[in-house]
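Scroll down for the structure; my scribbles are underneath it.
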Amino acid sequence: MLSVLQSEWYKLRKSKITFILFVGPFVGLLIGLLINLTFEGEINQWYILVLSMNLTYALLFLPLITGVLASTICRYEHQAGGWKQLLAMPVARGKIFLAKYVLLMLLVFVIQLLYLVSIYGVGMIKGYTDPFPIEIIWRSIIGGWVATFPLVALQLWMSILFKSFAAPLTVNVIFTLPAILAINSERFGPFYPWAQPFSMMYAGGNTDDLFFIPWEQLITVVGGSFVLFFLGGYIYFQRKAV
């Protein structure tokens, strides 16, 4: 398994992966620096900053970046018969699919860590004096990462299915944009997978829950959609004709 991961990383690092990893956190940094925040009462300055930055980052850029990464990790195989060469090797298809998925999740986690650095950097530049709420921020960062588990699984499935680099990205955009409306709906928001990164990074939610959302929502929506998308992609890849 480790050798398959190393092989996937070797192919991926030849692409513009570094640029992709920094896009989301850099956009978050710009948003944090450009917005003018007003503080009322004794609320921690960091809370307002995180809520403002998450509104764009977690709602749009994080879900969209998962699609870009998934398309990039399969781009090599879609060129010059790459799938035939890869699947002709004495490696189980399941290990190849799992390696691509694990590598994608590791890259998304790196993006989340860079976003954490962006949050702290904005606060330092603006001279915040309130205590840095490390527990709340970490829960937001980890929560956003966990919320991308089903999205990455679906995007990997779509990227294997479509030869076109733009096709899976288009699918991702089509489902990401309605999340803007879904988060304002008490009926649909809690059940829309593309709205979960924002919901699980929303530090203004119920702090008694692990990721600011009820456990039932985490298990049924995030867990359920992950199982559905992961198994769908896994089974399709096992039966993929070359």
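The values are calculated or read from the model by the stated rules, or taken from the named source; none is laboratory data. This one's a predicted model, so the numbers in the text were calculated from it and none came from an experiment. Using ideal geometry, Cβ is built from the backbone for each residue, glycine included, and neighbour counts are taken over all protein chains shown. We work out accessible area using only protein heavy atoms, side chains counted, and drop any ligands, DNA or RNA first. Shrake-Rupley method; radii C 1.70, N 1.55, O 1.52, S 1.80 Å.
Below are the figures for this structure:
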item	result
Only one of PHE175, PHE211 that is part of a helix (DSSP H, G or I), surrounded by 15 or more Cβ atoms within 10 Å (Cβ to Cβ) and within 19 Å of the chain's Cα centre (by Cα)	PHE175
Count of residues meeting criterion [among the hydrophobic types (A, V, I, L, M, F, W, C) and open to solvent by less than 70 Å² (accessible area, probe 1.4 Å)] in segment 9-29	7
Test: residue in segment 134-157 that is over 13 Å from PHE198 (Cα atoms), hydrophobic (A, V, I, L, M, F, W, C) and outside any helix (DSSP H, G or I)	no
Residue that is open to solvent by 30 Å² or more (accessible area, probe 1.4 Å), over 19 Å from VAL4 (Cβ atoms) and basic (Lys, Arg), where the choices are LYS95, LYS126	LYS126
Looking only at segment 67-87, and only at residues there that are among the small types (Gly, Ala, Ser) and in contact (Cβ under 8 Å) with a residue 24 or more places away in the chain, the one that is surrounded by the fewest Cβ atoms within 10 Å (Cβ to Cβ)	SER71
Count of segment 158-172 residues which are open to solvent by 20 Å² or more (accessible area, probe 1.4 Å) and in a helix (DSSP H, G or I)	7
